[in-house]
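Taken together, the values in this text are just the output of simple stated rules run on the coordinates, not laboratory data. For clarity, every value in this text was computed on a predicted model and none was experimentally measured. Cβ sites come from the backbone with ideal geometry, for glycine too, and all protein chains shown count toward neighbours.
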Amino acid sequence: MSTAAPLRRSLVTPTTLVLVALVVIAFCFLLQRFLFGLGAVANINPGYPWGIWVVVDVIIGTAFGCGGFAMALLVYIFNRGQYHPLMRPALLSGLFGYTLGGFAVIFDLGRYWQAYNLLLPWHAQLNSVMFEVALCVMAYVVVLWIEFSPAFLERFGFVGIKRILERWMFVIVALGVLLPTMHQSSLGSMLLVMEYRLSPLWFTLWLPALFVISALAMGYAVVMFEATVVSKTFSLPSEHALISKMSIVVGWITVAWLVLRFGDLFARNALPLAFIGSISVFLFWVENAMFLAAALVFITPAGRASQRASFLGAVALLAGGSLYRLDAYLIGYQPLNNWSYFPSVPELMVSIGVVALEVLLYLIFIKTLPVLHGDAARR
Amino acid sequence: MTEVDRRDFLRGAGFATAAAAVPTEASAAIARPPKQISPQAVGMLYDSTLCIGCRACVAACKEANKMPAEVPATLTGWNENTWDSAEDLSGRTLNVIKVYRNGTAEQKDHEINGFAFVKRHCLHCIDPSCVSVCPVGAMQKDAATGIVSYDPDVCIGCRYCVYGCPFGVPQFDFSSALGKIAKCEFCRHLQKDGKIPACCDVCPTGASLFGPVKELEREIERRTAAAPGTPYQFPRGKIGENRPPNAATIPTYVKGVYGEHEAGGTQVRYLAGVPFPKLGLPTVGRQSPASLSEGMQHTIYQWLIAPLVAFVGFAFLARRNLALHHDDDAPPSKEG
Ligand code: SF4
Ligand code: SF4
Ligand code: SF4
């Protein structure tokens, strides 16, 4: 029998009620967007055609959804079975990160009613990086649901289907590693066409590699963050022993990222630009300082041993990775004609609502389905 | 009409020097070969020194393309939608005339204490970014004429073309629930009927001149080769057409032809008396951005070999490791 079990806690709590309220507010603004157009709700403009709905909900949101990808790579490809207890919660957060990222795309698309054109072979535009991203993300959402489905099948007792699924699970697992590698790197490639509009601090031929490596690091960071928050919130036994072992991997991935980032800046002679006073340069340093802080925590034994330091390291990594994406897509980018952009309150509320929905669904799922490691959950 | 913002220039200049930080050899190695111009390509020559700022082209463009008039908020008091005064390209404006002003603004086409006009619309790139980035092929480049067209019935409204165009041309109409992209399509509906683009048709001085790119290139050579002050018959409407020319004298041009090399070259070319960046024309390098981004994709995904190999490898390892654990409920492996 499974060692994962639902967490027996009430579904209605003050937290869930606040989350529901945030989701409702977001839906009201979305209604407004569908009735009166994107401009009625969002501050996006000709200079900044993409705002936080694209960059936060999709570009950053899917990186937060990389927990399942990162853990699958570790557990099934590098055969580190001891981390298996972290697998299902990681998949669950990936499930929502990606599903809601896909949902955000729909309300951000200006002509959403024609979105199915992406799936019509005669409209396929194979040279478009976005086409590849769109198909890969759609396929990965399906893969995530299948990867997670044993939790449903166990809960509702479909043993036969579960057995068939298990026989083919290796195909799904392989896709679950391949697809995120492809589209997370492509989220970097999407900027290659911005050669003349993106600051050389971010524009590099290594964009695909920098995006996929940081997505992987963020995937592990999400798992660490989540395990700590869940065990603290529900007073479950801590998974710190496991996390502390895993964090050395994360530490070296982060170091590799920093070496690539600065090695490339140095090789291109772009480093002097990092010493010009401007907001984007300041954020460049903040972004990299976060990565460096995380790396220092995770590669030192003292940092790994401390539960608090590890948690902060995970937070730093998530913040650094998010800022890197925000900088590359919005802040390091030079619009024509001096347009500026700052998200409007309704625009922010929609993005906050998406996150609230994600957390809400996560809570509902861990309380109704066998997600968390059984020994812990049953206590 | 709006003034060209001088910060544009500062930004552009700082950026051009910074762009040198991208090693051109490396990016040239990754880029796919640039696209070549079609022998039948049609284009436009916009000569800023001939433009008198009458904006007949802006009005004609609106009419020919059934675009609504635009009135800036500051003018709505007295202008009740009868007089279009679009300030920039937008979801409702495909073509706009802007003005450069410096100091006393006394002399036309002088950089210092002068003024000059500039026309903005799609440049119909030879290797267009908008066509390359569009996920559904709503942007298409005609193989013969080279006209870059847009199909709203295919477009999903992702706005990657807005983000990716190095010239800031395509515009999404954010003010409508059913908004679409607005972009000059070179009046292809008129050209289909043997007519010429509306803006070139109405231009009184020949500042906007339509014709095959090859002939326009020869016209550019004639103008730039002649000494300033030489009397010259400037063709109007379509080059080679029997419209009475505009008799004037050759002005002093700044060096270069904007659009000849920018982003891999464009079918719309500019001549001017004031440096192009001051006119607000973006500083863009020679490599077509589409060739770099497509080159990278083709390198990584050539014949899908790399993803397939990776897939087989992952599947093999996952199968072995899943079998080792029996299923995901087995006790953790001893390895690690
Ligand atoms: S100027 Fe912009 S919109 Fe026009 S063809 Fe070139 S990339 Fe496309
Ligand atoms: S907005 Fe439309 S035309 Fe532009 S890239 Fe997206 S789908 Fe293509
Ligand atoms: S060619 Fe036609 S659509 Fe383009 S600017 Fe001229 S009039 Fe407008």
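Can you tell me the Rg and the Dmax, both Å, for the Cα atoms in segment A:75-148?
15.6, 47
Provide the packing ranking of A:217-225, A:258-266, i.e. peptides ordered by the mean count of other C-beta atoms within 10 Å per residue, highest first. Mind showing how you got there, number by number?
Details: A:217-225: 29.0, A:258-266: 15.4.
Peptide ranking by packing, descending: A:217-225, A:258-266.
Lysines within cross-link reach of residue B:98: Cα-Cα under 25 Å, excluding same-chain residues under 8 positions apart?
By straight Cα distance, residue B:98 reaches B:62, B:66, B:108, B:119, B:180, B:183, B:238, B:255, B:278.
Any idea how far apart residue B:142 and residue A:229 come out in nm if each label point goes 7 Å out from Cα toward Cβ?
So the label points at residue B:142 and residue A:229 sit 5.5 nm apart.
Rounded, prolate or oblate: which fits segment A:1-116 when a ≥ b ≥ c are the square roots of the eigenvalues of the alpha-carbon gyration tensor, with rounded for a/c under 1.5 and prolate only if a/b beats b/c? Intermediate results must be reported in sequence, preceding the final value.
On the way: a/c = 3.13, a/b = 1.65, b/c = 1.90.
Oblate, since a/c reaches 1.5 and b/c is not below a/b.
Counting Lys +1, Arg +1, Asp -1, Glu -1, what net charge surrounds residue B:186 among other residues with beta carbon under 12 Å of its beta carbon?
Details: positive: B:141, B:183, B:188, B:192, B:195; negative: B:142, B:185.
Taking every other residue near residue B:186 into account, the sum is +3.
Pop a pseudo-label 7 angstrom from the Cα along the beta-carbon direction at both residue B:224 and residue A:305 and give the gap in nm to one decimal.
My value for the distance between the label points is 7.1 nm.
Could you check how many percent of all C-alpha pairs in the protein assembly as shown are farther apart than 43 Å?
Working: 80764 of 255255 pairs.
More than 43 Å apart: 32 percent of the Cα pairs in the protein assembly as shown.
Based on DSSP H runs of at least 4 residues, each adding -39500 (n - 2.57), what is the mean residue ellipticity at 222 nm of the protein assembly as shown after dividing by all its residues, to the nearest 500 deg cm²/dmol?
Details: 23 runs with 340 residues, N = 715.
Value at 222 nm, helices only: -15500 deg cm²/dmol.
How would you rank A:177-183, B:128-134, highest first, on the average number of other Cβ atoms within 10 Å across their residues? Write out the running numbers ahead of the final one.
Values: A:177-183: 24.4, B:128-134: 27.9.
Output ranking for A:177-183, B:128-134: B:128-134, A:177-183.
Using just the Cα positions, wrap segment A:44-335 in a convex hull and report its mean projected area in square nanometres, one decimal place.
Values: hull surface 68.5 nm².
Value for segment A:44-335: 17.1 nm².
Could you give each residue of segment A:317-323 its phi-based ³J(HN,Hα) in whole Hz, using Karplus coefficients 6.51, -1.76, 1.60 with θ = phi - 60°, and x for Gly or Pro?
Going residue by residue, I get 5, 5, 5, x, x, 5, 5 Hz, with x marking Gly and Pro.
Out of the DSSP beta bridges found with both residues in the protein assembly as shown, what percent are antiparallel (nearest 5)? Could the numbers behind the result be given before it?
Details: 26 of 34 bridges.
Percent antiparallel among DSSP bridges in the protein assembly as shown is about 75.
Compute the Cα gyration tensor for segment A:283-377, then decide on rounded, prolate or oblate, letting a ≥ b ≥ c be the square roots of its eigenvalues: rounded whenever a/c is under 1.5, prolate when a/b is larger than b/c in the other cases, and oblate in all that remain. Display every interim value, and only then the final one.
Values: a/c = 3.94, a/b = 1.27, b/c = 3.11.
Taking the square roots of the gyration eigenvalues as a ≥ b ≥ c, segment A:283-377 is oblate.
Would you list, by chain and number, the lysines whose Cα falls below 30 Å from the Cα of residue A:232, excluding same-chain residues fewer than 8 positions away?
A:245, A:367, B:334
For chain B, calculate the relative contact order in percent as a whole number, restricting contacts to Cα pairs under 8 Å that are 6 or more residues apart. Write down the numbers at each step before the final one.
On the way: 612 pairs, mean separation 78.9, N = 336.
Normalised by residue count, the contact order of chain B is 23 percent.
Among A:107, A:126, A:165, whose Cα projects farthest towards the positive end of the dipole of segment A:44-335, with charges put on the beta-carbon of Lys, Arg (+1) and Asp, Glu (-1)?
A:165
Report the net charge of residues surrounding residue A:120, where surrounding means a beta-carbon distance below 15 angstrom and charges are Lys +1, Arg +1, Asp -1, Glu -1. Numbers along the way, then the final one.
Numbers: positive: A:111; negative: B:151, B:153.
So the surrounding residues net to -1.
Between residue A:32 and residue A:155, 0.36 nm times their residue separation minus their Cα-Cα distance comes to what? It would help to have the intermediate numbers written out before the result.
On the way: separation 123, 0.36 × 123 = 44.28 nm, distance 3.88 nm.
So the chain would gain 40.4 nm between residue A:32 and residue A:155.
How high is the relative contact order of chain A, in percent, counting Cα pairs under 8 Å that sit 6 or more residues apart? Mind showing how you got there, number by number?
Working: 533 pairs, mean separation 132.3, N = 379.
Dividing the mean separation by the residue count of chain A yields 35 percent.
What is the distance, in nm, between label points placed 7 Å from the Cα along the Cα-to-Cβ direction at residue A:78 and at residue A:171?
Each label point lies 7 Å from its Cα, and together they span 2.8 nm.
Taking K and R as +1 and D and E as -1, what net charge do the other residues with C-beta under 13 Å from the C-beta of residue B:220 add up to?
On the way: positive: B:214, B:218, B:222, B:223, B:255, B:269; negative: B:47, B:215, B:217, B:219, B:221, B:260.
Summing Lys/Arg as +1 and Asp/Glu as -1 gives 0.
Using the alpha-carbon centroid of each, what span in Å lies between segment A:1-24 and segment A:184-235?
Going from one Cα centre to the other spans 28 Å.
Once you average over the residues of A:182-193, how many Cβ atoms of partner chains fall within 10 Å of each Cβ? Each step should come with its number before you reach the end.
Details: counts 5, 0, 0, 2, 4, 0, 1, 7, 5, 3, 12, 18.
Mean number of neighbouring Cβ atoms from other chains: 5.
So, by mean Cβ neighbours within 10 angstrom, what's the order for A:17-28, A:190-201, A:339-350 with the highest one leading?
On the way: A:17-28: 15.4, A:190-201: 24.7, A:339-350: 16.9.
Order by mean packing, descending: A:190-201, A:339-350, A:17-28.
Only residues of segment A:184-219 count here: report those whose backbone N is under 11 Å from the spot 7 Å along Cα→Cβ of residue A:276, or say none.
A:199-201
For segment A:120-279, rounded, prolate or oblate, judged on the Cα gyration tensor with a ≥ b ≥ c (square roots of eigenvalues), a/c < 1.5 rounded, else prolate if a/b > b/c?
Working: a/c = 2.90, a/b = 1.40, b/c = 2.07.
Since a/c reaches 1.5 but b/c is at least a/b, the shape of segment A:120-279 is classed as oblate.
Grab the Cα-Cα distance for residue B:286 and residue B:178, subtract it from 0.36 nm times how many residues apart they are, and report the gain in nm with one decimal. Numbers along the way, then the final one.
On the way: separation 108, 0.36 × 108 = 38.88 nm, distance 3.62 nm.
Stretched out fully, the residue B:286 to residue B:178 stretch lengthens by 35.3 nm.
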